[in-house]
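Asker: Have a look at this one before I ask anything.
The values are calculated or read from the model by the stated rules, or taken from the named source; none is laboratory data. Just so we're clear, the structure is a prediction, and the values are computed from it rather than from any experiment. Cβ: placed from backbone, ideal geometry, glycine included. Neighbour counts: every protein chain shown. Calculation scope for accessible area: heavy atoms of the full protein, side chains included, ligands and nucleic acids excluded. Shrake-Rupley method; radii C 1.70, N 1.55, O 1.52, S 1.80 Å.
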Amino acid sequence: MLGAMASDETRTTTSTTRPVRGTSEPEGGGEGERETGITGTRAWLTRLVVVGIVLSALNLRPAITSLGALLEEVRDGLGMSGTTAGVLTSVPPFCFALFGVMAPRLARRFGAGAVVCAGMAAIAAGLAIRPWTGTAAGFLAASALALMGIAVSNVLMPVIVKRWFPDRVGSMTGLYSMALALGTAAAAAITVPMTEALGGSWQRGLTVWAVLAAAAVVPWIPLLRDRGESGPGPEASPARGTPAKGEGDGALRITRSRTAWALAVFFGLQATAAYVTMGWMAQIFRDAGVPADTAGLLLAVTMAMGVPLAFVIPRVATRLPHQGPIVIALGCCGLLGYAGLYLAPAGGMWAWAILLGIANCAFPLALTMVGMRARTGAGVSRLSAFAQSAGYLISIPGPLVVGVLYQHSGGWGLPLALMAGLMLPQMAVGVLAGRDRTVEDEAAAR
């Protein structure tokens, strides 16, 4: 798959390479050889970008789902209350909102590849340090370091896709969404058995994931000096070489777009559901009498549903004029899953895990709509930063409120009712965000 995509990009690059007008290629080399060398270099860089995107996406959730699988052990080891654990599960969206908004500015100064490279290094450092701090405060601080790296990478992935693969936004978004889901599921599935294989130490079980993050640093190193605004292929814009209407240096005011706001709220509500699921679903099953390893496997099943669907949904979404029907279908799966967790958490556990896994595929759909609701790379960068940062701000209270309700009500009835209730506005704003329009046009019209 990676080779096929890279080959497509190679063909695109080759087709746009032309000899200088009025000159002829000398026999045996000269200009033709230089152009061939440039084409080969670009093709090699394109393949490297594909590898970097996949490895980076694999690292965007293990910091969270590996913790979810061992949350009870971490709470006991660090002496955390239910409320403190709720704060811990709220840290990811807080960091994503706080640091994600910085990503476009950092990318303009240092280059998107360099920022993602630094982000992967921050993830590796945070994951290596946090299990060994010995205190809840130290654990939170090291987690924040890792989440900072995830935050900037979250925002810049759609930007890199739009830049390097402007004609394949759906397929490339699907590829890295699938890799993201695979990393999420793998962390949920194997963290507990891996911890047992390492002697039962939750510290060792969490530290292992730093190795995967360190590997993701490598593909971005050759791109550290790449600060260009366009990739090897043509820039996706209405008229190549000219800015779109309402788009210019500082011209696009993203907050004037209703679609941008709808997408931000949709992103925030789906993130709320996702982080409650990653942080608390294993505990819901454990409280229902499900063994710890089975609860971790159920969480893995939920995350694994995103592996095939995260590749399929973006491709389908880019072929539809309106993404509202997909939003509604995913929301209905979420409502059924929450109802099942309330009525028979252990009896139908596999069905509920699958339904909630389907519902969580609102995330790749949101990323796809980010790429579709703006016409230019700069527009995607600003929309991605705005939608993700504002969205994650919206999602911050969710996991914390769930933890407080769980501790003070003594059960999961109220938390699950809250999550089911939030699914309704998520569907409403998702339908609005799925309309066929761009933020550049909306901002320019107001």
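Asker: Being touching a Pro at 6+ places or on another chain (Cβ under 6 Å) and of a type in the set (S, T, Y) is the requirement here; does Y338 meet it?
Answerer: No, not satisfied.
Asker: Something else about it: Answer yes if at least one residue in region 148-168 is more than 19 Å from G379 (Cβ to Cβ), surrounded by fewer than 24 Cβ atoms within 10 Å (Cβ to Cβ) and not hydroxyl-bearing (S, T, Y), and no otherwise.
Answerer: Yes.
Asker: On the given criteria, is G410 over 19 Å from R256 (Cβ atoms) and either under 23 Å from the mean Cα position of the chain (by Cα) or in contact (Cβ under 8 Å) with a residue 12 or more places away in the chain (or both)?
Answerer: Taking the combined requirement at face value, the residue does not satisfy it.
Asker: Still on this structure: Would you pick out the residues in region 414-446 that are assigned to a loop (DSSP other than H, G, I, E, B) and small (G, A, S)?
Answerer: G434
Asker: So which pairs qualify, if the first residue must be in region 41-69 and more than 19 Å from M194 (Cβ to Cβ) and open to solvent by 20 Å² or more (accessible area, probe 1.4 Å), the second must be polar (S, T, N, Q) and assigned to a helix (DSSP H, G or I), the Cβ gap must be under 8 Å, and the two must be at least 6 apart or on different chains?
Answerer: Going by the 8 Å Cβ cut-off, the qualifying pairs are R42/T10; R42/T13.
Asker: Okay, next question. Which one of the conditions (1) surrounded by fewer than 19 Cβ atoms within 10 Å (Cβ to Cβ); (2) touching a residue at least 12 places away in the same chain (Cβ under 8 Å); (3) within 21 Å of A97 (Cβ to Cβ) does A141 fail to meet, given that it meets all the rest?
Answerer: Going through the list (1) surrounded by fewer than 19 Cβ atoms within 10 Å (Cβ to Cβ); (2) touching a residue at least 12 places away in the same chain (Cβ under 8 Å); (3) within 21 Å of A97 (Cβ to Cβ), A141 breaks only (2).
Asker: Out of the residues in region 164-219 that are charged (D, E, K, R) and farther than 22 Å from L45 by Cβ, which is farthest from the chain's Cα centre (by Cα)?
Answerer: E196
Asker: Within the set of pairs 6+ apart or on separate chains, which have a first residue in region 103-119 that is closer than 13 Å to R225 by Cα, a second that is open to solvent by 60 Å² or more (accessible area, probe 1.4 Å) and charged (D, E, K, R), and C-beta atoms under 6 Å apart?
Answerer: So the pair list comes out as G111/R227.
Asker: Run down V370, V380 and say which single residue is at pLDDT 85 or above, surrounded by 24 or more Cβ atoms within 10 Å (Cβ to Cβ) and assigned to a helix (DSSP H, G or I).
Answerer: V370
Asker: May I ask you to say which residue of V401, V431 is surrounded by fewer than 22 Cβ atoms within 10 Å (Cβ to Cβ), out of contact with any strand residue (DSSP E or B) (no Cβ under 7 Å at 6 or more places or on another chain) and under 18 Å from A274 (Cα atoms)?
Answerer: Selected residue: V401, the only one of V401, V431 that is surrounded by fewer than 22 Cβ atoms within 10 Å (Cβ to Cβ), out of contact with any strand residue (DSSP E or B) (no Cβ under 7 Å at 6 or more places or on another chain) and under 18 Å from A274 (Cα atoms).
Asker: Just one of (1) at pLDDT 85 or above; (2) over 19 Å from S381 (Cβ atoms); (3) open to solvent by 20 Å² or more (accessible area, probe 1.4 Å) trips up I123, so point out which.
Answerer: Going through the list (1) at pLDDT 85 or above; (2) over 19 Å from S381 (Cβ atoms); (3) open to solvent by 20 Å² or more (accessible area, probe 1.4 Å), I123 breaks only (3).
Asker: Output yes when any residue across region 334-348 is without any contact (Cβ under 8 Å) to a residue 60 or more places away in the chain, closer than 26 Å to V87 by Cβ and surrounded by 24 or more Cβ atoms within 10 Å (Cβ to Cβ), and no when none is.
Answerer: Within region 334-348, one or more residues are without any contact (Cβ under 8 Å) to a residue 60 or more places away in the chain, closer than 26 Å to V87 by Cβ and surrounded by 24 or more Cβ atoms within 10 Å (Cβ to Cβ).
Asker: Just checking, does region 52-65 include any residue being within 22 Å of A181 (Cα to Cα), modelled with pLDDT under 85 and either out of contact with any Pro (no Cβ under 9 Å at 6 or more places or on another chain) or in a helix (DSSP H, G or I) (or both)?
Answerer: yes
Asker: Could you count how many residues in region 163-178 are within 18 Å of A310 (Cα to Cα) and either in contact with a Ser or Thr (Cβ under 6 Å, 6 or more places away or on another chain) or in a helix (DSSP H, G or I) (or both)?
Answerer: So the count comes out to 10.
Asker: Still on this structure: I'm trying to understand the selection: among the residues of region 256-285, which are over 24 Å from F386 (Cα atoms) and at pLDDT 90 or above?
Answerer: Listed by number, the residues that qualify are I284, F285.
Conditions tested, residue by residue: (1) among the β-branched types (V, I, T); (2) closer than 30 Å to R75 by Cβ; (3) assigned to a helix (DSSP H, G or I); (4) modelled with pLDDT of 90 or more.
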| residue | (1), (2), (3), (4) |
| --- | --- |
| A142 | no, yes, yes, yes |
| S153 | no, yes, yes, yes |
| M157 | no, no, yes, no |
| V161 | yes, no, yes, no |
| L180 | no, yes, yes, no |
| A185 | no, yes, yes, no |
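Asker: Inspect region 285-296 for any residue being under 21 Å from S395 (Cβ atoms) and either open to solvent by less than 40 Å² (accessible area, probe 1.4 Å) or touching a residue at least 12 places away in the same chain (Cβ under 8 Å) (or both) and give the result as yes or no.
Answerer: No, region 285-296 contains no residue that is under 21 Å from S395 (Cβ atoms) and either open to solvent by less than 40 Å² (accessible area, probe 1.4 Å) or touching a residue at least 12 places away in the same chain (Cβ under 8 Å) (or both).
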